[in-house]
Amino acid sequence: MIGNPHRGHSWTRALLGVQAREVHVCGSLEAMELVKSLAEKMGDDFELHTYERMTELVVSDQPLADYKNVRKGDCIVAFSRQDIFRIRESIERLTPFKCCVVYGQLPPETRSKQAHLFNNDDTGYDVLVASDAIGMGLNLNIRRVIFHRTQKIQDGNSLFARGGYGLAPQVTGSPREAGHPRRPFPRDRAHERVCRDAGHSGQGAAGQYVAQK
């Protein structure tokens with residue numbers, strides 16, 4: 001996120017300007033050298049901790065094909081509110097499931113309420129339709145992550161391309177339920193596999209905002 005061409009400057013400003021004795025930065029290893037460099041330039045110490053996934057990340061060989069095939073515990077990830085509400089309508093029309101909805105512009109209390117409904121078995125809400133906001137601080141009992149598309153239209157970058165590689169593990173890894181593998185079903189599976197197998201390089205630069213006088 002710190003290297004994002006649209007929002008990276010906000011993360012850079014927060015990291016360098018926060019008034020705290022100790023700052024914990026959570027993210028993928030592709031940002032490690034950049035964050036270390038920023039810390040050293042500010043005269044601060046840098047300490048790295050790495051953690052192993054609790055569950056294996058598995059990419060399915062088969063696409064979902066139709067939303068009538070969703071199962072209890074599934075999360076559909078889309079990148080526009082229009083898509084999110086259209087998908088929810090389709091699932092509730094084609095299946096017996098009711099859907100919770102989470103996206104970035106929802107008030108925090110509403111997001112928390114939707115997460116509570118999805119996480120609890122006795123609410124009747126068994127499927128989640130959400131944006132990549134699920135990868136930013138929400139703990140969700142997701143069995144499968146299903147990507148509606150691999151392009152994040154807002155940023156114009158591929159979710160799985162080298163420049164945005166960290167988004168995919170963030171979305172599929174932050175919602176945790178021990179013992180249930182994440183199985184993304186991206187529409188463009190060939191593109192995802194090429195990008196995944198090619199690996200990813202480190203984040204080269206942090207976003208910076210230059211004020212116009």
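Scanning region 95-139 for residues that are out of contact with any helix residue (DSSP H, G or I) (no Cβ under 6 Å at 6 or more places or on another chain), of a type in the set (Asp, Glu) and touching a residue at least 24 places away in the same chain (Cβ under 8 Å) yields a single hit, Asp126.
Scan region 57-81 residue by residue and report those that are over 11 Å from Ser131 (Cα atoms) and at pLDDT 90 or above. Passing the criteria: Tyr67, Lys68, Asn69, Val70, Arg71, Lys72, Gly73, Asp74.
Restricting to region 1-25, name every residue that is surrounded by fewer than 10 Cβ atoms within 10 Å (Cβ to Cβ) and part of a loop (DSSP other than H, G, I, E, B). Answer for region 1-25, where residues must be surrounded by fewer than 10 Cβ atoms within 10 Å (Cβ to Cβ) and part of a loop (DSSP other than H, G, I, E, B): Val18, Gln19, Ala20, Arg21, Glu22, His24.
When residues in region 52-88 are screened for being outside any loop (DSSP other than H, G, I, E, B), open to solvent by 90 Å² or more (accessible area, probe 1.4 Å) and not polar (S, T, N, Q), 3 of them pass. Among the numbered conditions (1) more than 14 Å from Gly73 (Cβ to Cβ); (2) open to solvent by 20 Å² or more (accessible area, probe 1.4 Å), the only one that Phe97 does not meet is (1).
The values are calculated or read from the model by the stated rules, or taken from the named source; none is laboratory data. Here the structure is a predicted model, which is why all the values come from computation and not from measurement. Here the Cβ is made from the backbone with ideal geometry for all residues, glycine too, and neighbour counts use every protein chain on show. Accessible surface is based on the protein model in full, side chains and every heavy atom, while ligands, DNA and RNA are left aside. Shrake-Rupley method; radii C 1.70, N 1.55, O 1.52, S 1.80 Å.
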